[in-house]
1. If N24 satisfies all but one of (1) at pLDDT 75 or above; (2) in a loop (DSSP other than H, G, I, E, B); (3) loosely packed, with under 14 Cβ neighbours inside 10 Å, what's the number of the condition it fails?
2. Applying the selection to the stretch 91-118, what residues are modelled with pLDDT under 95 and in contact with a Ser or Thr (Cβ under 6 Å, 6 or more places away or on another chain)?
3. So which residues in the stretch 92-138 are touching a Leu at 6+ places or on another chain (Cβ under 8 Å) and among the acidic types (D, E), if there are any at all?
4. Looking at (1) modelled with pLDDT of 80 or more; (2) of a type in the set (D, E, K, R); (3) not in a helix (DSSP H, G or I), find the lone condition where E48 falls short.
Amino acid sequence: MKISLLTNVLISICFYSFLAGCTNERISSCRQLTNSISPIEEKMNDLEDNNLEMILDTAQTFELTSQAITNQSFENDNLREYALRLSQVYQEYADNTKNFVDAYEKKDQEKGIFYQQQLINLFSRQQEIVQTINNYCI
(Lines give C-alpha, C1' and ligand atoms only; values in the text may rest on other atoms or scores of the structure.)
Protein backbone atom coordinates (compact mmCIF):
# COMPACT_ATOMS: atom_id res chain seq x y z
CA MET A 1 0.00 0.00 0.00
CA LYS A 2 1.68 3.16 -1.16
CA ILE A 3 0.53 6.72 -0.96
CA SER A 4 2.38 7.45 -4.18
CA LEU A 5 -0.10 5.31 -6.16
CA LEU A 6 -2.94 7.29 -4.62
CA THR A 7 -1.14 10.50 -5.50
CA ASN A 8 -0.59 9.32 -9.08
CA VAL A 9 -4.28 8.46 -9.45
CA LEU A 10 -5.31 11.83 -8.05
CA ILE A 11 -2.85 13.72 -10.24
CA SER A 12 -4.10 11.88 -13.31
CA ILE A 13 -7.58 13.17 -12.56
CA CYS A 14 -6.31 16.66 -13.17
CA PHE A 15 -5.15 15.85 -16.67
CA TYR A 16 -8.26 13.95 -17.67
CA SER A 17 -10.63 16.49 -16.19
CA PHE A 18 -9.71 19.22 -18.63
CA LEU A 19 -12.70 19.96 -20.83
CA ALA A 20 -11.80 21.37 -24.23
CA GLY A 21 -13.26 22.14 -27.60
CA CYS A 22 -16.81 23.18 -26.75
CA THR A 23 -19.00 24.49 -29.58
CA ASN A 24 -20.55 27.94 -29.46
CA GLU A 25 -24.02 26.71 -28.46
CA ARG A 26 -22.67 24.86 -25.44
CA ILE A 27 -19.55 26.85 -24.66
CA SER A 28 -20.97 28.73 -21.69
CA SER A 29 -22.13 25.59 -19.89
CA CYS A 30 -18.94 23.73 -20.74
CA ARG A 31 -16.83 26.60 -19.40
CA GLN A 32 -19.00 26.74 -16.30
CA LEU A 33 -18.25 23.08 -15.62
CA THR A 34 -14.56 23.53 -16.43
CA ASN A 35 -14.35 26.45 -14.00
CA SER A 36 -15.99 24.33 -11.32
CA ILE A 37 -13.24 21.72 -11.46
CA SER A 38 -10.31 24.14 -11.52
CA PRO A 39 -9.76 23.96 -7.72
CA ILE A 40 -9.00 20.25 -8.10
CA GLU A 41 -6.49 20.93 -10.85
CA GLU A 42 -4.74 23.49 -8.64
CA LYS A 43 -4.59 21.04 -5.71
CA MET A 44 -3.20 18.27 -7.89
CA ASN A 45 -0.28 20.45 -8.97
CA ASP A 46 0.81 20.91 -5.35
CA LEU A 47 0.13 17.39 -4.06
CA GLU A 48 3.10 15.65 -2.44
CA ASP A 49 3.61 11.93 -1.81
CA ASN A 50 3.48 10.84 1.82
CA ASN A 51 1.89 14.08 2.99
CA LEU A 52 -1.33 12.87 4.59
CA GLU A 53 -2.44 16.38 5.46
CA MET A 54 -2.22 17.45 1.81
CA ILE A 55 -4.00 14.29 0.69
CA LEU A 56 -6.84 14.95 3.17
CA ASP A 57 -6.97 18.57 2.01
CA THR A 58 -7.30 17.29 -1.55
CA ALA A 59 -10.15 15.03 -0.43
CA GLN A 60 -11.84 18.11 1.01
CA THR A 61 -11.36 19.89 -2.32
CA PHE A 62 -13.00 16.97 -4.12
CA GLU A 63 -15.93 17.23 -1.73
CA LEU A 64 -16.28 20.99 -2.17
CA THR A 65 -15.97 20.67 -5.95
CA SER A 66 -18.64 17.99 -5.95
CA GLN A 67 -20.94 20.33 -4.04
CA ALA A 68 -20.12 23.25 -6.33
CA ILE A 69 -20.95 21.20 -9.42
CA THR A 70 -24.19 19.98 -7.84
CA ASN A 71 -25.18 23.56 -7.01
CA GLN A 72 -24.59 24.76 -10.58
CA SER A 73 -27.66 25.26 -12.74
CA PHE A 74 -26.92 23.96 -16.22
CA GLU A 75 -29.52 24.90 -18.81
CA ASN A 76 -28.64 21.95 -20.99
CA ASP A 77 -30.23 18.70 -19.75
CA ASN A 78 -27.46 16.46 -21.08
CA LEU A 79 -24.68 18.52 -19.56
CA ARG A 80 -26.62 18.70 -16.29
CA GLU A 81 -26.74 14.88 -16.20
CA TYR A 82 -23.03 14.55 -17.02
CA ALA A 83 -22.14 17.15 -14.39
CA LEU A 84 -24.18 15.29 -11.78
CA ARG A 85 -22.38 12.05 -12.60
CA LEU A 86 -19.01 13.81 -12.34
CA SER A 87 -20.08 15.36 -9.04
CA GLN A 88 -20.96 11.91 -7.68
CA VAL A 89 -17.56 10.55 -8.70
CA TYR A 90 -15.81 13.48 -7.02
CA GLN A 91 -17.77 12.87 -3.81
CA GLU A 92 -16.77 9.20 -3.95
CA TYR A 93 -13.14 10.28 -4.48
CA ALA A 94 -13.40 12.40 -1.33
CA ASP A 95 -14.93 9.61 0.73
CA ASN A 96 -12.58 6.89 -0.48
CA THR A 97 -9.51 9.09 -0.09
CA LYS A 98 -10.44 9.83 3.52
CA ASN A 99 -11.04 6.12 4.13
CA PHE A 100 -7.71 5.26 2.51
CA VAL A 101 -5.84 7.71 4.75
CA ASP A 102 -7.66 6.37 7.80
CA ALA A 103 -6.65 2.81 6.88
CA TYR A 104 -3.09 3.97 6.26
CA GLU A 105 -2.89 5.67 9.64
CA LYS A 106 -4.27 2.56 11.36
CA LYS A 107 -1.89 0.38 9.33
CA ASP A 108 -4.87 -1.64 8.09
CA GLN A 109 -3.37 -2.97 4.88
CA GLU A 110 -6.49 -4.88 3.79
CA LYS A 111 -8.71 -1.80 3.98
CA GLY A 112 -5.98 0.34 2.46
CA ILE A 113 -5.75 -1.93 -0.56
CA PHE A 114 -9.55 -2.01 -0.83
CA TYR A 115 -9.85 1.80 -0.87
CA GLN A 116 -6.90 2.11 -3.20
CA GLN A 117 -8.72 -0.20 -5.64
CA GLN A 118 -11.89 1.85 -5.21
CA LEU A 119 -9.94 4.97 -6.21
CA ILE A 120 -8.53 3.22 -9.26
CA ASN A 121 -12.05 2.13 -10.26
CA LEU A 122 -13.31 5.68 -9.76
CA PHE A 123 -10.55 6.93 -12.01
CA SER A 124 -11.87 4.71 -14.82
CA ARG A 125 -15.44 5.93 -14.27
CA GLN A 126 -14.26 9.52 -14.19
CA GLN A 127 -12.37 9.09 -17.47
CA GLU A 128 -15.53 7.77 -19.14
CA ILE A 129 -17.63 10.67 -17.86
CA VAL A 130 -15.07 13.27 -18.92
CA GLN A 131 -14.80 11.67 -22.36
CA THR A 132 -18.59 11.82 -22.67
CA ILE A 133 -18.55 15.48 -21.64
CA ASN A 134 -15.73 16.26 -24.07
CA ASN A 135 -17.57 14.51 -26.89
CA TYR A 136 -20.71 16.43 -26.05
CA CYS A 137 -18.93 19.79 -25.87
CA ILE A 138 -17.12 19.38 -29.18
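1. Result: N24 fails condition (1) only.
2. If the condition is that a residue be modelled with pLDDT under 95 and in contact with a Ser or Thr (Cβ under 6 Å, 6 or more places away or on another chain), then no residue fits.
3. E92, E105
4. E48 satisfies every listed condition except (1).
Every residue, every condition in (1) touching a residue at least 12 places away in the same chain (Cβ under 8 Å); (2) of a type outside the set (S, T, N, Q); (3) buried (at least 17 other Cβ atoms within 10 Å of the Cβ), yes or no:
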| site | (1), (2), (3) |
| --- | --- |
| L33 | yes, yes, yes |
| E53 | no, yes, no |
| N71 | no, no, no |
| N78 | yes, no, no |
| V89 | yes, yes, yes |
| F100 | yes, yes, yes |
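The values are calculated or read from the model by the stated rules, or taken from the named source; none is laboratory data. In this text, all values refer to a predicted model and were calculated from it rather than measured experimentally. Cβ: placed from backbone, ideal geometry, glycine included. Neighbour counts: every protein chain shown.
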